[in-house]
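Below is one structure; the comments refer to it alone.
The values are calculated or read from the model by the stated rules, or taken from the named source; none is laboratory data. Everything numeric here is computed off the predicted structure, so don't read it as measured data. Here the Cβ positions follow ideal geometry from the backbone for every residue, glycine too, while neighbour counts run over all protein chains shown.
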Amino acid sequence: MQELVLIQPIRAAEEQWSREAAHAAKRREFEERLAECGPLAYRVARGVLRNDADAEDVAQEALLRAYRRFDRLRDAQRFRGWLVRIVFRSALDRARSAKRRELRETEWARPARRPPPATAEELAASSEFQARFDRALDELPEKLRLVLLLAAMEGHTLEEVAAMLGLPVGTVKSRLFAGRKKLAEKLQCYVKNTKTR
Amino acid sequence: MLCEKYEDTLIETAANGGALPNSLREHVETCAQCGATLAAQQALFTAVDFNMRRWANAEPPDSFLPGVRSRLTEERISRRSWSLAWAAIAASAALILGTVIATRDRHSGAVQEVKQTSLDSGAFPHPKEETVRRESPKASLTRIPSRWQESQFVQYNVAMDESRPILPTRNQQAIDQLIDAVARGEIKGEVLLTDARITDAEDLQIPRIAIATIAERAPQDATGNSSDTPEVKAREMSIDGDRRTK
């Protein structure tokens, strides 16, 4: 009994060391992926929050959260999708709390009184259109918004988006189409005022 | 009004970015209103796509990745310090537990060696230090079967011929002090016998003893014979007689 008690701390220490070694290996693996996936995390957060400082903060928080949970990720191939979902959720939480705060302080600015934009380029670049576009994005269902965001990122094919989200390509296509159409519907008020060249 | 039925198709076409069906294309080429609607919808989707790309492809600031790395380092350090602290706490707890168990085993083991030291004062017969095993026939009579009960008593070997009194633990210190005081001659044996604190010992059937003070004892001669006075010898003989009758 006495021997068992005395041996126990040594065994616990060995287990601790092996855990530390495994953790160090995981940490190296995570840091290798960081350079590749860090910008992706930032863009997802920026896409939801549309604020550079908030996006940076939330993306860093989400990456830390991912780092803490990295041991639980069974399939390393799904790292990008897994990270995207963590960042997206974190950013939505931040956006909701910010929106509640904002609603208390200000009212939405109505885009009613504005000079008509001359062309599609001017329309796209006008700050009012951008503000309305941001608001329309916020009103989209989350599943459509995430697909739109990932599909709009440079270098992402529909197949990659589908793999990232674990969805069939057909589902991604239909969500992308539905998302763009809903956005356009919310922005139809600008069409009547748009002149074509 | 007739052109309104084409509006949905025009929007679908603008959204897909594809070509118009042949029948509709002919109409759009001749109808200025439908042509304007199609152009407006195409401009809208172009603006939507442009804003979506702008929205989705923001470049992270230069401080982003270094910031993440430094936060990861902080996280790692704090996690490591916590794990080290927990390991130290666990090791200390295990060590304390081991010490406690080892101490208990030493006190309550089946075979227990007890050294006689506290009574080695010359006030009692056979004062030399010796090791007594508990399996002696007399001790086995007083063995208590339960481990818990056993821990409540300390077998106190007094190195007398047959006397092996068992003392309650709570009285052990008081008894030790009394015995030391008697050995130093500060207390006479009669006081000890009338002391109420050892009534528990009577329940344990400890033989009555009379203890002579050191002053009353004469030094032994070279042959080991005592040169006690006749009164002291008589008293010791009465003690021996009492012990034998017990």
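Conditions tested, residue by residue: (1) farther than 29 Å from residue A:129 by Cα; (2) surrounded by fewer than 17 Cβ atoms within 10 Å (Cβ to Cβ); (3) touching a residue at least 40 places away in the same chain (Cβ under 8 Å).
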{"position": "B:39", "(1), (2), (3)": "no, no, no"}
{"position": "B:52", "(1), (2), (3)": "no, no, no"}
{"position": "B:63", "(1), (2), (3)": "yes, yes, no"}
{"position": "B:68", "(1), (2), (3)": "yes, no, no"}
{"position": "B:74", "(1), (2), (3)": "yes, yes, no"}
ask   = How many residues does the stretch B:47-68 hold that are more than 20 Å from residue A:88 (Cα to Cα) and of a type in the set (A, V, I, L, M, F, W, C)?
value = 3
query = Looking at residue B:62, is it more than 7 Å from chain A (Cβ to nearest Cβ) and over 30 Å from residue A:184 (Cβ atoms)?
reply = yes
task = State all residues of the stretch A:148-174 that are more than 23 Å from residue B:50 (Cα to Cα) and in contact with a Ser or Thr (Cβ under 9 Å, 6 or more places away or on another chain); if no residue qualifies, say none.
result = A:165
note = By residue number, the members of the stretch A:163-180 that are within 14 Å of chain B (Cβ to nearest Cβ) and crowded, with 18+ Cβ neighbours inside 10 Å are A:164, A:175, A:176, A:179, A:180
ask   = Regarding residue A:137, is this residue hydrophobic (A, V, I, L, M, F, W, C), in contact with a helix residue (DSSP H, G or I) (Cβ under 7 Å, 6 or more places away or on another chain), in a helix (DSSP H, G or I) and at pLDDT 90 or above?
value = no
inquiry  = Condition first: part of a helix (DSSP H, G or I) and over 24 Å from residue A:153 (Cβ atoms). Can you find one or more residues in the stretch B:55-70 that meet it?
reply    = yes
note = In the stretch A:181-196, residues that are at the interface with chain B (Cβ under 8 Å from one of its Cβ atoms), part of a helix (DSSP H, G or I) and surrounded by 14 or more Cβ atoms within 10 Å (Cβ to Cβ) total 5
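One line per residue, one yes/no per condition, for (1) in contact with a helix residue (DSSP H, G or I) (Cβ under 6 Å, 6 or more places away or on another chain); (2) at pLDDT below 85; (3) within 14 Å of another protein chain (Cβ to nearest Cβ):
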{"site": "A:30", "(1), (2), (3)": "yes, no, yes"}
{"site": "A:34", "(1), (2), (3)": "no, no, yes"}
{"site": "A:39", "(1), (2), (3)": "no, no, yes"}
{"site": "A:47", "(1), (2), (3)": "yes, no, yes"}
{"site": "A:64", "(1), (2), (3)": "yes, no, yes"}
{"site": "A:83", "(1), (2), (3)": "yes, no, yes"}
{"site": "A:112", "(1), (2), (3)": "no, yes, no"}
{"site": "A:121", "(1), (2), (3)": "no, yes, yes"}
ask   = Quick one: in the stretch A:142-156, which of the residues that are more than 18 Å from residue A:36 (Cα to Cα), charged (D, E, K, R) and over 10 Å from the mean Cα position of the chain (by Cα) is surrounded by the most Cβ atoms within 10 Å (Cβ to Cβ)?
value = A:143
query = Quick one: what pairs do we get from the stretch A:54-73, first residue in a helix (DSSP H, G or I), second exposed (fewer than 15 other Cβ atoms within 10 Å of the Cβ), C-beta under 7 Å, 6+ apart or different chains?
reply = A:56/B:61; A:64/B:75; A:67/B:75; A:70/A:26; A:71/A:26
key: Residue in the stretch B:7-50 that is nearest to residue A:179 (Cα to Cα), counting only those that are within 14 Å of another protein chain (Cβ to nearest Cβ) and not in a helix (DSSP H, G or I)   = B:17
query = In the stretch B:1-37, which residues are among the small types (Gly, Ala, Ser) and without any contact (Cβ under 8 Å) to a residue 12 or more places away in the chain?
reply = B:18, B:19, B:23, B:32, B:35, B:36
